[in-house]
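The structure appears below as structure tokens.
The values are calculated or read from the model by the stated rules, or taken from the named source; none is laboratory data. Since this is a predicted model, take the numbers as computed values, not measurements. Backbone-built Cβ (ideal geometry, glycine too); neighbour counts: all protein chains shown.
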Amino acid sequence: MNLNAIRAIYLFEMNRFRRTIMQSVAAPVLSTSLYFIVFGSAIGSRIDTVEGIAYGAFIVPGLIMLTVITESLTNASFGIYLPKFQGTIYELLSAPVSAVETVIGYVGAAATKSFLIGCLILATARIFVDYTILHPLFTAAFLILTCTAFSLFGFIIGIWADSFQRLQLIPLMVVTPLAFLGGTFYSITMLPEPWDTVALFNPVLYLVSGFRWSFYGVADVAPLISLAMTGVFMLICLGVVAWIFRTGWRLKS
């Protein structure tokens, strides 16, 4: 394992994160704060509780998941797309750096950024609402797993994209709508038939549900199922990444 190569890629990506600190940190914190003001205060004043939890506190895990998913996809996809756009990807492919080392460097940096932003959103939420975390170890583990899984997915998007417009296509047109429909602002028990059953086919629901369980001990689906679904998604992404490096798809053309 070439640790120097991993370290070089990782530090390069983290330095890019520090150079764009306003865009990378301030923007998601401000956006999430607006969600707390609009949904937590304005709408929350009209909704007493959801499953025995104050509405403002109920949406905290969902908002963190929404931000983490978005940031993981954006950071990882842009991180690998930029070398493709600039043509420096060929220097990376010809260097004595394996596919595993490349993925660890890029995905590790993207996951780190997303995890830090998730923690910052968690701290910001305390300004607006009071919340509890019943299972902090599960919270940390689930957050790390989600950051890693969606950073891998973002890495795939960055390789697939051939323009800046397509780079944003899946996050904006697919992932964000699924996140809003995945129980971020409500419990699926509030949905009438058959929409509560249809919601179970939304993969983001399992992320939000599992993460919310780590806070309050309530979930729309069993937490172990949520954890397993996230793990399966990450394994699928790993398989796709392995296939990409084995075939050179979108990397050498």
>> Based on this model, can you work out whether Leu251 counts as within 25 Å of Gly108 (Cα to Cα), among the hydrophobic types (A, V, I, L, M, F, W, C), buried (at least 19 other Cβ atoms within 10 Å of the Cβ) and in contact (Cβ under 8 Å) with a residue 60 or more places away in the chain?
In response: no
>> Can you confirm whether Phe17 is over 23 Å from Cys237 (Cα atoms), of a type in the set (Phe, Trp, Tyr) and within 21 Å of the chain's Cα centre (by Cα)?
In response: yes
> Which ranges mark the helices (runs of 4 or more DSSP H) fully within the range 143-216 that have 3 or more residues being buried (at least 20 other Cβ atoms within 10 Å of the Cβ)?
Replying inline: 203-216
>> Out of the residues in the range 26-38 meeting the condition of being more than 18 Å from the chain's Cα centre (by Cα) and free of Cβ contacts under 8 Å to residues at least 40 places away in the same chain, tell me which one is farthest from Ile80 (Cα to Cα).
In response: Val38
>> Return the pair list, or none, for Cβ contacts closer than 6 Å from residues in the range 1-25 that are over 17 Å from Ser114 (Cβ atoms) to residues that are of a type in the set (D, E, K, R), at least 6 apart or on different chains.
In response: Asn2/Glu101; Ala5/Glu101; Ile6/Glu101
>> Condition first: touching a residue at least 24 places away in the same chain (Cβ under 8 Å) and over 18 Å from the mean Cα position of the chain (by Cα). Now tell me which residues in the range 165-187 satisfy that.
In response: Tyr186, Ser187
> Within the range 2-109, which helices (runs of 4 or more DSSP H) (wholly inside it) include 1 or more residues that are touching a strand residue (DSSP E or B) at 6+ places or on another chain (Cβ under 7 Å)?
Replying inline: 55-58
> Among the residues of the range 217-253, which ones are polar (S, T, N, Q), closer than 28 Å to Phe85 by Cα and part of a helix (DSSP H, G or I)?
Replying inline: Thr247
> Would it be correct to say that Gly52 is in contact with a Gly (Cβ under 7 Å, 6 or more places away or on another chain), within 28 Å of Asp220 (Cβ to Cβ), at pLDDT below 90 and surrounded by fewer than 23 Cβ atoms within 10 Å (Cβ to Cβ)?
Replying inline: no
